[in-house]
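The values are calculated or read from the model by the stated rules, or taken from the named source; none is laboratory data. These figures come from a predicted structure and were not determined experimentally. Here Cβ is always computed from backbone atoms with ideal geometry, including for glycine, and neighbour counts include all displayed protein chains. With ligands, DNA and RNA removed, areas are computed over all heavy atoms of the protein, side chains included. Shrake-Rupley method; radii C 1.70, N 1.55, O 1.52, S 1.80 Å.
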Amino acid sequence: MKSFKKSSVPQLDFDTANRILEQAFEANQMDNNSIPLEVLASYSNYRRDRFTLQRSILVIIMALFLLLPLLFIPSSFTVVEDESLERNFNPVYRLEVDSYMLVERVNATIDGSNIPVYEVDSHVYSIEPSRNGQMEVTVTLVNRQTSTQYVDVTTVDREVPVATSCTKEGNLIYLYLSDAESGIDYSAIRAVDLNGAEVEPVSVDEATGCVVFSDEADTLNVYISDLAGNRLQLVISIR
């Protein structure tokens, strides 16, 4: 198959172009050109370069003018407790940013302390508060526009249960417990002796927080959990 190529335009050197120009002036009975052809060519190139620069600047200005509204788009987001985790304590909050612009950062604090924030998907974040209080959540977009919301956190429990007292009466050990946050999980209380054998409580009184064990073993390792999963381990030496 025969291919056709566009022929290049022949270029004249300045000497040949000058002779042609002089002949044209003589044929029209005009005075010879007083400005060198090199100067005319340089000025033409200058005008062309200047026009290209002006056009580029104009395009940039128009682009900035069209993008100007984007610089003032505020961030918009929602923060809700993640109910899919089915937690009664130590909640996790789900933050979704409603914007097509990129997110620069998400910041969460309670009483000035930073709270962990994890990106789980595009424009979706997970916040895990470590204390109760008013949580301040701020989202900043790449255009430096920010929005802030406040969430009251009330169900965080990071404290282990507390043994308030332990007494022995006869052949029974009375262990008194308390937990001011989520409460004691009495069904999860367990104890083992030094041989690793399970020792069941003799009785449990949730109203008074009293758990009773027999003194058959010399030493008991007692494990007490609250409803948030925090666990206390006690070693009770009976003899």
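Summary table
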quantity	calculated
Complete set of residues in the stretch 210-229 that are open to solvent by 30 Å² or more (accessible area, probe 1.4 Å), under 42 Å from the mean Cα position of the chain (by Cα) and not hydrophobic (A, V, I, L, M, F, W, C)	Tyr223, Gly229
Qualifying residue in the stretch 123-133 (condition: in contact with a strand residue (DSSP E or B) (Cβ under 7 Å, 6 or more places away or on another chain), hydrophobic (A, V, I, L, M, F, W, C) and in contact (Cβ under 8 Å) with a residue 40 or more places away in the chain)	yes
Candidates Ala163, Ala207, Ala188 - the one that is within 20 Å of Asn88 (Cβ to Cβ) and either without any contact (Cβ under 8 Å) to a residue 40 or more places away in the chain or open to solvent by 30 Å² or more (accessible area, probe 1.4 Å) (or both)	Ala188
Test: residue in the stretch 101-111 that is within 15 Å of Glu81 (Cβ to Cβ) and either open to solvent by 70 Å² or more (accessible area, probe 1.4 Å) or without any contact (Cβ under 8 Å) to a residue 40 or more places away in the chain (or both)	yes
Members of the stretch 145-160 that are assigned to a loop (DSSP other than H, G, I, E, B) and without any contact (Cβ under 8 Å) to a residue 60 or more places away in the chain	Thr154
Count of the stretch 80-104 residues which are more than 14 Å from Gln149 (Cβ to Cβ) and either in a loop (DSSP other than H, G, I, E, B) or not hydrophobic (A, V, I, L, M, F, W, C) (or both)	15
Complete set of residues in the stretch 166-177 that are within 20 Å of Gly229 (Cα to Cα) and open to solvent by 50 Å² or more (accessible area, probe 1.4 Å)	Tyr176
